[in-house]
1. Residue check, P97 against (1) free of Cβ contacts under 8 Å to residues at least 60 places away in the same chain; (2) buried (at least 19 other Cβ atoms within 10 Å of the Cβ), all met but one. Which one?
2. So, in the stretch 147-175, how many residues would count as being within 29 Å of P62 (Cα to Cα) and either in contact with a Leu (Cβ under 9 Å, 6 or more places away or on another chain) or assigned to a strand (DSSP E or B) (or both)?
3. Can you name every one of the strands (runs of 3 or more DSSP E) wholly within the stretch 44-94 that holds 1 or more residues which are touching a helix residue (DSSP H, G or I) at 6+ places or on another chain (Cβ under 9 Å) and open to solvent by 80 Å² or more (accessible area, probe 1.4 Å)?
4. Restricted to the stretch 100-137, and to residues that are part of a loop (DSSP other than H, G, I, E, B) and in contact with a strand residue (DSSP E or B) (Cβ under 8 Å, 6 or more places away or on another chain), which residue is most open to solvent (accessible area, probe 1.4 Å)?
5. Can you tell which of N194, N182, N140 is at pLDDT 95 or above and loosely packed, with under 12 Cβ neighbours inside 10 Å?
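The values are calculated or read from the model by the stated rules, or taken from the named source; none is laboratory data. All of these numbers come straight from a predicted model, not from anything done at the bench. Ideal geometry is used to build each Cβ from the backbone, glycine not excepted, and the neighbour counts take in all protein chains shown. To get the accessible areas, we keep the full protein, side chains included, count just its heavy atoms, and leave off ligands, DNA and RNA. Shrake-Rupley method; radii C 1.70, N 1.55, O 1.52, S 1.80 Å.
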Amino acid sequence: MEDNVIGKMKIDCPVCGGKNTAISITQTHEVAYFGEVVESLVQCDKCGFRHSDVMCVEQKDPAKHSLEISKESLSSRVVRSQTSTVSLPELGIKVEPGPKSEGYISNVEGVLIRFKEATERALKMFQDELSQKNGTNLLNNIEKVLNGEMKTLLLIEDPFGQSKIMDIHAKSEPLTEEELKNLKTGYVVIDENNE
């Protein structure tokens, strides 16, 4: 993957308002078998705010990508657009895009760690016994996958075709009309013809 920084500057933090405490970096990456992507990052040294996004330069057809995660595939590259749904369906966990959704470039292990951290945050919020039990079971299963003790499916569904799992064993196929209809995109669509 080749990087090309196209912009880097100190800015005021959009969260804490600190003067020149955040850095904004925009760079392009040429990702093998995928094409050019633009990645933007804003990070504040004062309050720790961090926001990143990845946008594909090329328009592609709606697609879903899947990979059975094993110890050997943990380092496989993953490009997730801000409009895609990422799930571990066999474990019952899914992240759908929303207005604050971020795209990212990571690897399979990084995606699992994101799921793990989100589950840990949810456990702190929901204190009822059933939520705690389900969350703890999910964390245990994610740890097993990370340690190579358990296999599970990683699924990325992207209505704009800008995501990819780069692994020789990954499967890519078009999304059906029914699947497309049921996916969230994170965008608000206003139908001017609907009264």
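1. In the conditions (1) free of Cβ contacts under 8 Å to residues at least 60 places away in the same chain; (2) buried (at least 19 other Cβ atoms within 10 Å of the Cβ), P97 misses (1) alone.
2. Step one: filter the stretch 147-175 for residues within 29 Å of P62 (Cα to Cα), giving 151-175.
Going one step further and asking which of them are either in contact with a Leu (Cβ under 9 Å, 6 or more places away or on another chain) or assigned to a strand (DSSP E or B) (or both), we end up with 152-159, 161, 164-167, 169-175.
Residues meeting the conditions: 20.
3. Numbers: elements: 50-56, 63-69, 77-80, 85-88.
In the stretch 44-94, 77-80 are the strands (runs of 3 or more DSSP E) which contain 1 or more residues that are touching a helix residue (DSSP H, G or I) at 6+ places or on another chain (Cβ under 9 Å) and open to solvent by 80 Å² or more (accessible area, probe 1.4 Å).
4. Initially, the stretch 100-137 is screened for residues part of a loop (DSSP other than H, G, I, E, B), giving 100-103, 126-128.
Subset that is in contact with a strand residue (DSSP E or B) (Cβ under 8 Å, 6 or more places away or on another chain): 102-103.
Numbers: E102: 46, G103: 0 Å².
That would be E102.
5. Numbers: N194 fails: at pLDDT 95 or above; N182 fails: at pLDDT 95 or above.
N140 is the lone residue from the list that is at pLDDT 95 or above and loosely packed, with under 12 Cβ neighbours inside 10 Å.
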